[in-house]
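Taking it in order: structure first as structure tokens, then the write-up.
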Amino acid sequence: MIRKITLADREEYLNMADDFYHSGATIAPVPKKHMEITFDEMMSSDRYVEGYFFEEDGIVKGFALLAKTFSQEAGGIVIWIEELFVKEKYRNNGLVQKFFEFLYETHKDAARFRLETEPDNEDAMRLYYRMGFEDFEYIQFKKGK
């Protein structure tokens, strides 16, 4: 089952987000305060960010964090799959595939879906290619946190 993260899920979410940022799937950890701010934003509305748990038999096995933006280039709403994490013992069981089926069904109005991964996360890259994602030919820049 895929369900929205609720207020009662705060500790579970914060723990899994911390696991994600210490999993090797990211360049560096983020401060716990950033995770708390994100959770609070998720609880205030779904305008900018949405969070989902992957749950089976009452066990939370993973989560996804989506961010929304608008792109003139894409011609509409872009859904960023900001974080996608499955606990190690539940990997390779089709949870990510089920999540994407859910995502495409519930966000039919999206013009584009985007995600990113570390260059050495070859398992994730193979999965995303199999699911029809393509390399984006841009180099991204950032300023600030």
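The values are calculated or read from the model by the stated rules, or taken from the named source; none is laboratory data. Nothing here was measured: the structure is a model prediction, and the numbers come from that model. Positions of Cβ are backbone-derived with ideal geometry, glycine not excepted, and every protein chain shown enters the neighbour counts. Ligands, DNA and RNA are excluded from the accessible area calculation, which covers all protein heavy atoms including side chains. Shrake-Rupley method; radii C 1.70, N 1.55, O 1.52, S 1.80 Å.
Within the range 63-116, the only residue that satisfies the criterion of being β-branched (Val, Ile, Thr), touching a residue at least 12 places away in the same chain (Cβ under 8 Å) and open to solvent by 50 Å² or more (accessible area, probe 1.4 Å) is 77.
Any residue at all in the range 85-102 that is within 15 Å of residue 4 (Cα to Cα) and more than 15 Å from the chain's Cα centre (by Cα)? No, the range 85-102 contains no residue that is within 15 Å of residue 4 (Cα to Cα) and more than 15 Å from the chain's Cα centre (by Cα). Residues of the range 38-56 that are free of Cβ contacts under 8 Å to residues at least 40 places away in the same chain and more than 21 Å from residue 115 (Cα to Cα): 40, 43, 44, 45.
For the range 121-137, residues that are in a loop (DSSP other than H, G, I, E, B) and surrounded by 10 or more Cβ atoms within 10 Å (Cβ to Cβ) total 4. Annotation: residue 140 fulfils all but one of (1) without any contact (Cβ under 8 Å) to a residue 40 or more places away in the chain; (2) open to solvent by less than 50 Å² (accessible area, probe 1.4 Å); (3) polar (S, T, N, Q); the unmet one is (2). Please go through the range 108-145 and give me each residue that is in contact with a Lys or Arg (Cβ under 9 Å, 6 or more places away or on another chain) and within 17 Å of residue 78 (Cα to Cα), ordered by number. Of everything in the range 108-145, those that are in contact with a Lys or Arg (Cβ under 9 Å, 6 or more places away or on another chain) and within 17 Å of residue 78 (Cα to Cα) turn out to be 110, 133, 136.
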